[in-house]
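One structure below.
Derivation of every value follows stated rules applied to the coordinates shown; laboratory data play no part. The structure displayed is predicted, hence computed values, not measured ones. No Cβ is skipped: glycine too gets one built from the backbone with ideal geometry, and neighbour counts run over all protein chains shown.
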Amino acid sequence: MKPRSAVRGWPALLVAAPALLFGIAFPLSARMHPVSTAQPAAPATVAPPASSTPAAAASVTPAADASTGGAAVATLDTAAPDDPSAQMSEKMPRASKSLLLDMVRTASGFVAVGERGHVLRSDDGKSWTQLTVPTRSALTSIAIADGQLWVGGHDGVILHSTDGGESWKAQRRDPFRLAEGESAADHDPRQGAPILDLWFRDASNGIAVGAHSLMLVTTDGGSTWTETEAIASGPAKTEAAPMKGDLFSAADLELEDEADPHFNAITPLGEHTLIIVGERGTLLRSTDDGATWKRLPFPYKGSMFGVLATGGNRLLAYGLRGNVYESADGGDSWNKVDTQASVSLMGGSLLEGGGVVLAGANGTVLRRAAADKPFTISTFHNAAGETPALAGILPDGRGDFVIVGDKGADSYHPQ
């Protein structure tokens with residue numbers, strides 16, 4: 001249930017210059033691990049300020065307990081009160097022109113998320129109002145189901161709203177921390193890892209995925225999140241033989257499968273099937289609502305930032321260097337699609353009539369009217385004449401598009 005811009009390309013904005021702040025098969029019965037704890041602070045519930053005076057601090061309410069069949073209940077908030085992930089977002093006069101990484105369409109308009117805990121709402125996709133939320137962490141993903149909203153981001157943050165964004169509760173915060181005597185080299189990379197995408201089937205059942213193969217599952221709307229291992233831990237890698245001579249051979253340059261690749265995007269395909277794409281051509285499929293996952297081969301060994309279910313058993317995946325691949329059999333086989341683009345594609349959404357629109361670096365916008373039509377390419381220029389890196393795009397219902405990216409939110413009228 002995600003009528004949203006598939007902004008899985010945030011790693012290309014945040015994980016280096018295709019990512020400023022950060023940026024992944026095997027049949028496997030998912031194994032559950034309780035989230036580690038250490039004197040946690042309680043989740044905060046945040047309501048909008050009664051006046052224009054900035055809110056001083058969030059009121060604190062304990063998270064509701066949930067039965068786990070005898071298993072340990074995961075503590076969801078490990079942030080100290082003075083950690084930025086636990087501090088109230090600041091109202092900024094130009095928040096709508098700051099880095100925005102994802103958005104969804106709601107019954108009343110649009111909600112977008114981005115850096116510094118920015119969450120914005122718009123009725124028309126043109127004028128935006130910043131909302132107050134209980135974090136200053138960068139927010140990378142937003143999902144909607146049954147009228148409720150969930151937002152994920154850096155420091156393992158997950159926020160939840162049941163009233164269209166008027167008030168927010170922090171369901172999870174897990175900023176990076178080392179235990180006493182622990183070295184960074186020995187640290188579990190999933191602890192403190194950012195959430196990169198969220199998907200909810202309904203108001204109760206959802207999955208969050210992120211860096212280093214992080215996967216979290218909830219069956220109670222996010223009151224509890226349980227860490228799940230979707231990729232089996234493989235045998236230790238043997239040391240590569242030293243290179244001979246001055247030139248690299250094809251074997252020297254070959255990339256092996258990443259042991260814990262970043263999971264960039266998750267999307268449903270039909271009633272019980274889920275698809276994940278990620279780093280180094282990672283492709284996972286579950287046919288049992290995420291209980292078990294199988295790693296499938298993918299023809300491109302670069303990162304895919306998004307995947308769309310385009311009808312029937314068809315999938316469209318997009319990512320680095322303008323690469324777009326399409327499957328007609330649920331991910332078993334793939335064909336490359338000619339897009340005329342050579343820049344990374346980081347967001348996309350479905351159009352009426354079976355069409356697709358994709359967006360990426362340098363203001364690139366790709367559109368096709370139907371599955372049997374070719375893509376056309378155009379370039380978005382904002383009022384300042386810039387061609388922003390676009391992280392997401394959604395039709396506004398009036399023939400134009402709402403876009404978000406490194407220059408904030410804007411409207412695009414295709415020529």
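Looking at the square roots a ≥ b ≥ c of the eigenvalues of the Cα gyration tensor of the range 69-154, which shape do they give, rounded for a/c under 1.5, prolate if a/b is larger than b/c, or oblate? Intermediate values should be presented prior to the final figure.
Values: a/c = 2.78, a/b = 1.40, b/c = 1.98.
Judged from the Cα gyration tensor, the range 69-154 comes out oblate (a/c at least 1.5, b/c at or above a/b).
Please compute the net charge surrounding G354, taking Lys and Arg as +1 and Asp and Glu as -1 over other residues with Cβ under 10 Å from its Cβ.
+1
What is the fewest-to-most order of S327, S183 by other Cβ atoms lying within 10 Å of their Cβ? Provide the component values of the computation, followed by the final result.
Details: S327 22, S183 8.
Fewest to most other Cβ atoms nearby, the residues stand as S183, S327.
Can you give me the convex hull volume of the Cα atoms of the range 351-394, divided per residue and expressed in Å³? It would help to have the intermediate numbers written out before the result.
Values: hull volume 2.9 nm³, N = 44.
Given the Cα convex hull of the range 351-394, per-residue volume reads 67 Å³.
Once Lys and Arg get +1 and Asp and Glu get -1 on their Cβ, which of G222, S183, P194 lies farthest toward the positive end of the dipole of the range 178-228?
Projecting each Cα onto the dipole axis, the largest value belongs to G222.
State log₁₀ I(q)/I(0) for the range 283-415 at q = 0.11, 0.20 Å⁻¹ as given by the Debye formula over alpha-carbon point scatterers of equal weight, solvent excluded.
Results for the range 283-415 at q = 0.11, 0.20 Å⁻¹ read -0.39, -1.15.
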